[in-house]
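The values are calculated or read from the model by the stated rules, or taken from the named source; none is laboratory data. Keep in mind that this is a model prediction, so the values were computed, not measured. Quick reminder, even Gly has a Cβ in these numbers, built from the backbone with ideal geometry, and neighbours come from all protein chains shown. Accessible surface areas use protein heavy atoms only, side chains included; no ligands, DNA or RNA. Shrake-Rupley method; radii C 1.70, N 1.55, O 1.52, S 1.80 Å.
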Amino acid sequence: MRATIKAYSATVLPFPSIIIPLSVFFATKNDQDTYPTGEQQEKLESWIWRSFFSRRYSKRLEQLNLDIKEISKIKDNVDNKLGEFSVDIDESFFRNTAFSINTVNTKTFILMLASENPLNFISGSPVSLEPVLRNCNKKEFHHVYPRKYLIERGYSNRDLNCIANFVLLSKADNNKLGGNAPSIYRKVMRSNDEAVRLILKRSLCPLDIFHDDYTRFLDARTIILLDKAKQLMRID
C-alpha cells in the first residue's frame, strides 16, 4: 500500500478494512514473499481505487466478503470479477465535496494527489509525502485560490473549501504564497515557465491558474481530476 498508493499508514486509508482482502492475496506459508504478476497488479490497483471512489465498504459487509472470495481467485490465477462493479463518478465528486480530513472522499482525493508525486509551489522540490500522509496532517493541504482572496470576493465557505481547490503543499510554501491572487503569488514562484508548468501538472492543476477567475479554474481542474480518477480506476 505504501509503494502503490502512497498510503504510509492506515490513518490515510479511506477504508482500512481493504487491508483484509489484500492480506488474503499476500499471505503465504512459503519462505519467500508473494509477488503479483503485472496483470494481477493492475487488477488489484484498479479494484483499490474503484473501492475508494465508490465508497464500497461504507455500504454492506457483504462487499468485503465478496472481495475476499474474488481476490482468492486472482491468487489462484482463475477467472474472477474483482473490481468489476460500476462506479458512478463525475465532476461533482470534486466540486461538491468539502475538504474534511477524516472523510472517505477527502482521503481518496489526498491519495490521488499523492500518486502524482507533487512538487512544492515555490521551490519546486518534492513534497515530503511520508510525514504528511503518515499522520494525515491537515496543515500540509492548502487552497490553490487562497481563502482570504475568495472571501473578499464574496465566495461562501462551501464554494472555496471544495476539494477541487486543494493541493498538497508545505506549510512554509503556503505561508510565502499568502492570501494573494494567483496572478500575484506567481511572482514568488520560479521564473522558469516550464518549471511552473511541471509543478502545476504534478499537482493535477490546469497549466494556467493565474487568470484569477475562480469559476474558470474549477471548471478546468475538475475535468483534470475526473480524468485522473478514471485513469486510476481504468475506466474508459
Any residue that is without any contact (Cβ under 8 Å) to a residue 24 or more places away in the chain, closer than 23 Å to Gln41 by Cα and of a type outside the set (Phe, Trp, Tyr) - is there at least one of those in the range 53-61? no
Counted residues, the range 15-51 - those being of a type in the set (Lys, Arg) and more than 23 Å from Ile101 (Cα to Cα): 2
Just name the residue that is modelled with the lowest pLDDT out of those in the range 126-145 that are over 20 Å from Arg2 (Cα atoms) and either open to solvent by 10 Å² or more (accessible area, probe 1.4 Å) or assigned to a helix (DSSP H, G or I) (or both). Lys139
What are the pairs, 6+ residues apart or on separate chains, where a residue within the range 222-236 that is farther than 22 Å from Asp208 by Cα has its Cβ under 8 Å from a residue that is outside any helix (DSSP H, G or I) and hydrophobic (A, V, I, L, M, F, W, C)? Lys230/Ile89; Met233/Val87; Ile235/Val87
Can we say Lys75 is more than 25 Å from Lys138 (Cβ to Cβ) and touching a Gly at 6+ places or on another chain (Cβ under 7 Å)? no
